[in-house]
Every structure is written in C-alpha cells, then in structure tokens.
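K.L.:
So that we are looking at the same thing, I have put the structure below in structure tokens.
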Amino acid sequence: MAVVDVCGPQPYQVFIDHDTTMKVGIRVQELGARKALIVHQPPLAAVARSIAQDLENNNIEPHLAAVPDAEDGKSIAVASELWDVLGRAGFSRQDAVVTVGGGAATDMGGFIAATWMRGIDVVHVPTTLLAMVDAAVGGKTGMNTAEGKNLVGAFHEPKGVFIDLERVYTLPEEEIVSGSAELIKTGFIADPKILDLFQEGASRHWPELIERSVAVKAGVVSEDLKESGLREILNYGHTLGHAIERREQYRWRHGNAVAVGMMFVAYLALQRGLIDESVVSLHRTILEAAGLPTRYEHGVFDELYEGMTRDKKNKNGHIRFVVLDGIGSCTRIEDATKEEMRAAYEAMMGD
Ligand code: GLY
C-alpha cells in the first residue's frame, strides 16, 4: 500500500491500495463519530452499502444519501436535502460524512461536512480518476449556483482519503480519458516522470501514476492550502478550460476542456520564449495519445476571451495564466494582451 501524507495545519493521509474501502470504518471510529452519512452517487449504491456494513462492524450508525451524478449533484436543493437528513438523524458535532464517488460527490459531501454545525469530519472515497488525483485531496468543497460553478464553498480538509486501485480498471473509457488530463497536468507542472510513464502506456502504470500525481497535489496543498500563491499552479490549463466548459454549458467533461486549455497556454508560453517547440509538441503528443482533445472551435475566441475575464485567478482586471518555463516548472503571465491570446489560440488551432 502507498500512503501519501498531506501536511499543513490538519495533516491527513491518502491511502492508495486494493480494497482500501474496508479501512473506512476503522478511520471513522478513530475520529470518535457515532454516526456517519455516506453521500454517494446512485451507481455506487453497492459500494456505499459495503462501507455502511463496515461502519456498522465498527459500531457506527450508517445513513445513506444518494445524490445526483455530476454537476447536478451540486445544487442548493441537494445541499438542503442533505442538511435535512442530518437534522432528522440527529447528527452532532462528533459525527462524520463519508463521500463515495467522483468530484461532485466529494465537493458536495465535503461542503455538507464543512457547514453542518460549522464543520464536522469528512472522509473521502474517490471512485473516478479525476476525484482520486484532484478533487478528493486539498480540501476544496463547492456548490454551483445559477451564476456558475463552485461559486459557493469552503476549504475543509478531509480526515483521510481512501483510493481503491481496483476501481481504475473498471472505469468507463471516457472517465479515464477525462481524469488523465489532471494527471498529465501534474506531470507538466511538477513531475516529468509522470509524462514518461504516460508515454510508456498509462494502463501499465496506474498505481505509480496515481501515487505520483497525488504526491504532487499533496505537496502543493501542504504548502498553500488556501491558494494564496503556489496552489495556483494546479490551475494549469484551467483558465481557457473553464471558459470552454461554460460555453459548452458543462456538457464537456472538465478534463477535456483542461486539455485544450493546457495546449493554449503552451502556445502562450512559446510565444513568450518561455518554452520551445518541443515542449508544445510533447503536450500535443501526450494529450492526444490519452484520447484528449487539443483543439476547440474556430471563430469563437472572442467569446472564450469574455469567459476568461471571469476567471477566479484574475487580479486587478488582468487575466492570469499559469504557464511553464520548463517541464516541471511553472511561472505566471499576467500582462498578456487580447491579441497575444488570440495569436496563441490561432496557433493552437492551426498547427
Ligand atoms: N483543482 C485545483 C485545486 O484543487 O486547487
């Protein structure tokens, strides 16, 4: 079993192994909870039930709550229902939430834990590649409003993350493809060995790829939980990526949009002389080999630009981009002109 430590004010561990879900009960018992709400997505009812059994075996009263899949599960209506469940079941400050599912389950379950009685413990059991290497680690929780994604949320770190490697081999292809974007991102921003392993064939290396990617994320959030500096690098590719997701009304998968976003910032960095052509080609080669898109649509740059002006990273009216100045090394561009961005977009589309 691999164990990745996340440091900071409230340290916790990420367990990566086969059948880690059977360790959740012991962890929740260690936390001193008497009850636990298992927030899960509907297709994961069987996993949720086996965790419920494990909780019972550890003298914890389990309650199950199914939440809708994907972004539909992150609404105020769902939050309100979950708060009602906790209220009816008499959850106290000592009790806990266990999330089982993809990023929407960890975001929403984490948010419920962050807000119930001003914060109770949460343990995550991420079941998608994206949630394993990104959403479940780092304490970001969130909910969507009519105005956008993740506009409401809190930093609330889990007390443990349990990654069951067996699940990776059962995920649908599109989940693997989309989750690979965040994994590849951690290679470009911090750990080039991830890129080598991807090129050798990701399916031969899932355990090491997941462990390395989690280690990158853990290292970053250990140093900067609240995104006051370093954590921003985890948003590599996300500035254009979020604009694409908004334009597509969230019908595009997050990772697919981030893949195009990484391609775009690679061209932006190339134009500034921060990286050379070979690094741009490496983006294209690895992303395409993973089945991810590396281009979007012609004639929509102005609309995407408008979307990028609304990015959370922006400061003083400037769009801020995380870019590479080498493989595994990041810097920022915050003075790019609209024409410079357009040129990068067109180069990405044309190459
Ligand atoms: N997904 C980016 C972050 O956790 O900061």
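K.L.:
Only residues that are of a type in the set (Lys, Arg) and either surrounded by fewer than 20 Cβ atoms within 10 Å (Cβ to Cβ) or touching a Phe, Trp or Tyr at 6+ places or on another chain (Cβ under 9 Å) (or both): list them for the range 123-179, please. First the steps, then the outcome.
P.N.:
Let us first name the residues in the range 123-179 that are of a type in the set (Lys, Arg), namely 140, 149, 159, 167.
Residues satisfying the conditions are 140, 149, 159.
K.L.:
Out of the residues in the range 226-251 that are among the hydroxyl-bearing types (Ser, Thr, Tyr) and surrounded by 16 or more Cβ atoms within 10 Å (Cβ to Cβ), state the one that is farthest from the ligand (Cβ to nearest atom). Can you show your working first?
P.N.:
So the first thing to find is which residues in the range 226-251 are among the hydroxyl-bearing types (Ser, Thr, Tyr), and the list is 228, 236, 239, 250.
Checking which are surrounded by 16 or more Cβ atoms within 10 Å (Cβ to Cβ) leaves us with 236, 239, 250.
Values: 236: 9, 239: 12, 250: 16 Å.
Only one residue fits best here, namely 250.
K.L.:
Picking from 68, 62, which residue would you name as being under 26 Å from residue 117 (Cβ atoms) and modelled with pLDDT under 95? Steps first, please.
P.N.:
Numbers: 62 fails: modelled with pLDDT under 95.
Result: 68 is the single residue among 68, 62 that is under 26 Å from residue 117 (Cβ atoms) and modelled with pLDDT under 95.
K.L.:
May I pose another question? Which of the residues spanning the range 117-135 are outside any strand (DSSP E or B) and either farther than 18 Å from residue 24 by Cα or within 13 Å of the ligand (Cβ to nearest atom) (or both)? Spell out the reasoning first.
P.N.:
Taking the range 117-135 and keeping what is outside any strand (DSSP E or B), we get 117-120, 127-135.
Selection gives 117, 118, 119, 129, 130, 131, 132, 133, 134, 135.
K.L.:
Would you pick out the residues in the range 226-261 that are assigned to a helix (DSSP H, G or I) and more than 13 Å from residue 182 (Cα to Cα)? Give the steps one after another, and end with the answer.
P.N.:
Initial filter on the range 226-261 (assigned to a helix (DSSP H, G or I)): 230-235, 238-247, 254-261.
Correct list: 230, 231, 232, 239, 240, 242, 243, 244, 245, 246, 247.
K.L.:
Please find, within the range 233-266, the residue that is nearest to residue 7 (Cα to Cα) out of those that are touching a strand residue (DSSP E or B) at 6+ places or on another chain (Cβ under 6 Å) and either among the hydrophobic types (A, V, I, L, M, F, W, C) or modelled with pLDDT under 95 (or both). Working first, answer last.
P.N.:
Restricting attention to the range 233-266, the residues satisfying the condition of being touching a strand residue (DSSP E or B) at 6+ places or on another chain (Cβ under 6 Å) are 233, 235-236, 239, 265.
Remaining after also requiring either among the hydrophobic types (A, V, I, L, M, F, W, C) or modelled with pLDDT under 95 (or both): 233, 265.
On the way: 233: 18, 265: 30 Å.
Checked the range 233-266; the qualifying residue nearest to residue 7 (Cα to Cα) is 233.
K.L.:
Residues to consider are 158, 126; find the one that is modelled with pLDDT of 95 or more and closer than 21 Å to residue 227 by Cα.
P.N.:
Details: 126 fails: closer than 21 Å to residue 227 by Cα.
After ruling out the rest, the residue left standing is 158.
K.L.:
Do we find that residue 203 is farther than 26 Å from residue 296 by Cβ and within 14 Å of the ligand (Cβ to nearest atom) in this structure? Steps first, answer last, please.
P.N.:
Numbers: farther than 26 Å from residue 296 by Cβ: yes; within 14 Å of the ligand (Cβ to nearest atom): no.
So residue 203 does not fit the description; no.
K.L.:
Does residue 289 satisfy the criteria of being in contact with a Leu (Cβ under 9 Å, 6 or more places away or on another chain) and not hydroxyl-bearing (Ser, Thr, Tyr)? Lay out the reasoning, then the answer.
P.N.:
Numbers: in contact with a Leu (Cβ under 9 Å, 6 or more places away or on another chain): no; not hydroxyl-bearing (Ser, Thr, Tyr): yes.
For residue 289, the condition - in contact with a Leu (Cβ under 9 Å, 6 or more places away or on another chain) and not hydroxyl-bearing (Ser, Thr, Tyr) - is not met.
K.L.:
Another question, then. Within the range 1-44, how many residues are small (Gly, Ala, Ser) and surrounded by 20 or more Cβ atoms within 10 Å (Cβ to Cβ)? Steps first, please.
P.N.:
Residues of the range 1-44 small (Gly, Ala, Ser): 2, 8, 25, 32-33, 36.
With the extra rule that they be surrounded by 20 or more Cβ atoms within 10 Å (Cβ to Cβ), the set shrinks to 25, 33, 36.
The number of residues fulfilling the criteria is 3.
K.L.:
Residue by residue through the range 136-152, note down the ones that are on the phi < 0 side of the Ramachandran plot and either away from the ligand (no atom under 11 Å from the Cβ) or β-branched (Val, Ile, Thr) (or both).
P.N.:
Result: 137, 141, 143, 144, 145, 146, 147, 149, 151, 152.
K.L.:
Sticking with this structure for a sec: Checking the structure you have, find out if any residue of the range 165-177 is within 13 Å of the ligand (Cβ to nearest atom) and either closer than 19 Å to residue 41 by Cα or β-branched (Val, Ile, Thr) (or both).
P.N.:
Going through the range 165-177, the residues within 13 Å of the ligand (Cβ to nearest atom) turn out to be none.
Looking for residues that are within 13 Å of the ligand (Cβ to nearest atom) and either closer than 19 Å to residue 41 by Cα or β-branched (Val, Ile, Thr) (or both), one finds none in the range 165-177, hence no.
K.L.:
Also: I need the full set of residues from the range 155-213 which are free of Cβ contacts under 8 Å to residues at least 12 places away in the same chain and among the polar types (S, T, N, Q), in order please.
P.N.:
Hits for the range 155-213 are 170, 203.
K.L.:
In the range 79-103, how many residues are under 27 Å from the mean Cα position of the chain (by Cα), surrounded by fewer than 16 Cβ atoms within 10 Å (Cβ to Cβ) and of a type in the set (S, T, N, Q)?
P.N.:
Selection size over the range 79-103: 1.
K.L.:
Inside the range 210-225, can you point out the residues that are more than 10 Å from the ligand (Cβ to nearest atom) and either hydroxyl-bearing (Ser, Thr, Tyr) or not in a helix (DSSP H, G or I) (or both)? Walk me through it before giving the result.
P.N.:
The initial filter retains those residues of the range 210-225 that are more than 10 Å from the ligand (Cβ to nearest atom), namely 210-216, 218-219, 222-223.
Within the range 210-225, 213, 222 qualify.
K.L.:
Which of the strands (runs of 3 or more DSSP E) found entirely inside the range 1-99 contain at least 1 residues meeting this: small (Gly, Ala, Ser)? Outline the logic, then answer.
P.N.:
Working: elements: 2-6, 12-17, 35-40, 61-66.
Ranges flagged: 2-6, 35-40, 61-66.
K.L.:
Looking for something in contact with a helix residue (DSSP H, G or I) (Cβ under 6 Å, 6 or more places away or on another chain), over 30 Å from residue 146 (Cβ atoms) and not basic (Lys, Arg) - is there at least one such residue anywhere in the range 70-82?
P.N.:
Checking the range 70-82: not a single residue is in contact with a helix residue (DSSP H, G or I) (Cβ under 6 Å, 6 or more places away or on another chain), over 30 Å from residue 146 (Cβ atoms) and not basic (Lys, Arg).
The values are calculated or read from the model by the stated rules, or taken from the named source; none is laboratory data. It should be emphasised that the depicted structure is a prediction, and the values quoted were computed from it without experimental measurement. Here the Cβ is made from the backbone with ideal geometry for all residues, glycine too, and neighbour counts use every protein chain on show.
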